[in-house]
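Visitor: Pasting in a structure now, in structure tokens, and then I'll have a few things to ask.
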Amino acid sequence: MTKKLVTTLLIAGITLSLSGCWDIKSLQDVNYFTGIGIDYKDNKYHIYIQQLDFSSVAKTDAGKSEKPAMVWIGHAEGISISEAVFDLYKTAQQTVFWGHLNAIIFSENMLKKGDLLGVFDSLLRNPEIRYTSWVYGTKKEINEIFITKPFFNLSPLNSILYSPNTNYKQRPIISPMRFSQFIKEVREPGNTALLPTLGISDHIWVSTKKPDPKLEMDGIFALHNDKYKDWISSSDLLGIKWLERKTDSTRIVLKQNDKITAALKLTKPKSKIRIHKSNGAPVFDIEIKVAGALLEVWTDVEEKKLESLASELIEKEIRSAYQVGMTKHIDLFRLEHSLYRKEFPLWKKLTDNGSAELRPIALGKVKVTVKLTESGVYKLKRKLTPY
């Protein structure tokens, strides 16, 4: 046998032994589930699935399209999440892939009456579902959330549902939450989980003389030890951002006698919660330090006065949010959890080892220090009246 023939046979054998890519499915042969919503009605779990046509999504991600991206919404029900999913599979047509799931939505009724920990268990037993999905609650119908589209026929992946951080950086009130963080906060003893809620605003944007609905973060659902408490609107939550570590920068408008004085940009607030006792009960003091930059000046005012006005406004927002929370028996600042971390024996005694909520939750001093570090292009004391 010649050397050339041996080499040929060897190459042929190696080629035949290779598995190749014969079992690889192309893009159009798979159904990609990107979002799931879970509701609870009539003692049954109702699931809503959003799936995208990734061929059209790829086009819209590359730029604006003349046509909106194709979106399908599926609905099924069952006495468990698994039963509902199996019911959905009957009409899936093709192989389903959960690896692109990036948004999970819980209805208010699901949080009130469903088995939340059981839902966690059911979702996470699917090896394709990751802990990194964004998670929300909603008071709206879940299918309405899924069919609300972003601007310019862009992919739904460019909406608040799938990209909440972009919006949060510009309006840092309600911090977006990953699924892993939600699970952690629900299970933490003495903690209050603040689940962001999605709403639909139809009065801000107009297209072709018709209202163009858009998604918005309109509030939070509060849960204590996996039990639903209540909903609070975003307008009542302005104070929570000052204790949120994720807050990068935020803007405030200062007023005197109902007239605008200045606008400031405040960056990276640093907060501390200190606990002291009064008659054996804990009292929580809050300390905030934040640096600021001057954005606008409308009246001639001293720098120290601006810092003082900003400190007063921040303290007012914190106390207002605290009061709203206490009215609904919600610990918005997670003060009970601070007691659990710092004074565990006292927490254990006052909550019967976690079986009851801490009551009352007393807010003491709120000390806010604002330091202006930038005055912008113009000097602070610029002449504001015409020559």
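Computed from the coordinates by the stated procedures, all read-outs in this text should not be read as laboratory data. Treat the numbers as computed from the prediction; the structure is a model and nothing was measured. Cβ placement follows ideal geometry from the backbone for every residue including glycine, while neighbour counts extend to all protein chains displayed.
Visitor: So what's the back-of-envelope 222 nm ellipticity for the chain, counting only DSSP H runs of four-plus at -39500 (n - 2.57) apiece and dividing by all residues, rounded to 500?
Guide: When only DSSP H runs of four or more count, the value is -8500 deg cm²/dmol.
Visitor: Calculate the FRET efficiency for residue 303 and residue 44 from the Cβ-Cβ distance with a Förster distance of 56 Å, rounded to the nearest 0.05.
Guide: It comes to 0.35.
Visitor: Another question, then. Listing 110, 177, 326, 70 from the residue with the fewest other Cβ atoms within 10 Å to the one with the most, what is the order?
Guide: 70, 326, 177, 110
Visitor: Could you calculate the contour length gain from residue 349 to residue 268, that is, 0.36 nm times the residue separation minus the distance between their Cα atoms, to one decimal place in nm?
Guide: That pair, residue 349 and residue 268, stretches by 25.6 nm at full extension.
Visitor: Anyone know which of 206, 253, 30 comes out most mobile in the 10 Å Cα GNM of the chain?
Guide: 206
Visitor: Sticking with this one: Fewest first, what order do 47, 147 take by the number of other Cβ atoms within 10 Å?
Guide: Ordered by Cβ neighbours within 10 Å, fewest first: 147, 47.
Visitor: FRET efficiency for residue 95 and residue 132, Cβ-Cβ distance as r, R0 = 22 Å, nearest 0.05?
Guide: 0.45
Visitor: Okay, moving on. Share of antiparallel DSSP beta bridges in segment 27-234, in percent to the nearest 5?
Guide: Around 70 percent of the beta bridges assigned by DSSP in segment 27-234 are antiparallel ones.
Visitor: While we're looking at this one, here's another question. Output the antiparallel fraction of DSSP beta bridges having both residues in the chain, as a percent to the nearest 5.
Guide: Within the chain, antiparallel bridges account for around 70 percent of the total.
Visitor: Could you list 203, 276, 100, 329 so that the one with the fewest beta carbons within 10 Å of its beta carbon is first and the one with the most is last?
Guide: 203, 276, 329, 100
Visitor: Given the options 193, 222, 76, which has the most mean-square fluctuation in a GNM of the chain, springs set between C-alpha atoms less than 10 angstrom apart?
Guide: Residue with maximal mean-square fluctuation among 193, 222, 76: 76.
Visitor: Continuing with the same structure: Cα gyration tensor of segment 27-234, axes a ≥ b ≥ c as square roots of the eigenvalues: rounded (a/c below 1.5), prolate (a/b > b/c) or oblate?
Guide: Here segment 27-234 falls in the oblate category.
Visitor: Next up: Using a 7 Å offset from the Cα along the Cα-to-Cβ direction at both residue 258 and residue 371, what is the distance between the two label points in nm, to one decimal?
Guide: The two pseudo-label positions are separated by 3.7 nm.
Visitor: Need one word for segment 237-387: rounded, prolate or oblate. Basis is the Cα gyration tensor (sqrt eigenvalues a ≥ b ≥ c); a/c below 1.5 gives rounded, then a/b vs b/c decides.
Guide: Because a/c hits 1.5 or more and a/b exceeds b/c, segment 237-387 counts as prolate.
Visitor: Out of 279, 109, 191, any idea which swings most in a Gaussian network model of the chain, alpha carbons joined below 10 Å?
Guide: Top of the fluctuation ranking is 279.
Visitor: Here's another thing I want to ask about it. Taking 35 Å as R0, compute the FRET efficiency from the Cβ-Cβ separation of residue 115 and residue 153 and round it to 0.05.
Guide: 0.35
Visitor: Over the chain, what lengths in whole Å, largest first, do the semi-axes of the equivalent ellipsoid take, defined as the square roots of 5 times the eigenvalues of the alpha-carbon gyration tensor?
Guide: 47, 30, 23
Visitor: A 19 angstrom limit on the alpha carbon distance is what I want to check against. Which of 316/342; 112/214; 227/342; 41/112 exceed it?
Guide: 316/342; 112/214; 227/342
Visitor: Just how large is the dipole of segment 237-387 about the Cα centre, in debye to the nearest 20, putting +1 at every Lys and Arg Cβ and -1 at every Asp and Glu Cβ?
Guide: 320 debye
Visitor: How much length, in nm to one decimal, is gained on full extension between residue 83 and residue 296, taken as 0.36 nm per residue of separation minus their Cα-Cα distance?
Guide: Value of the extension gain: 70.9 nm.
Visitor: Right, something else. Would you mind calculating the gained length between residue 167 and residue 246 on full extension (0.36 nm times residue separation, minus the Cα-Cα distance), in nm to one decimal?
Guide: So the extension gain works out to 27.1 nm.
Visitor: Looking at the chain, do any whole DSSP H helices span at least 20 angstrom along their long axis by alpha carbon and average -1.0 or above on Kyte-Doolittle, and which?
Guide: Taking the DSSP H segments of the chain (at least 20 Å long, mean hydropathy at least -1.0), we get 3-17, 303-327.
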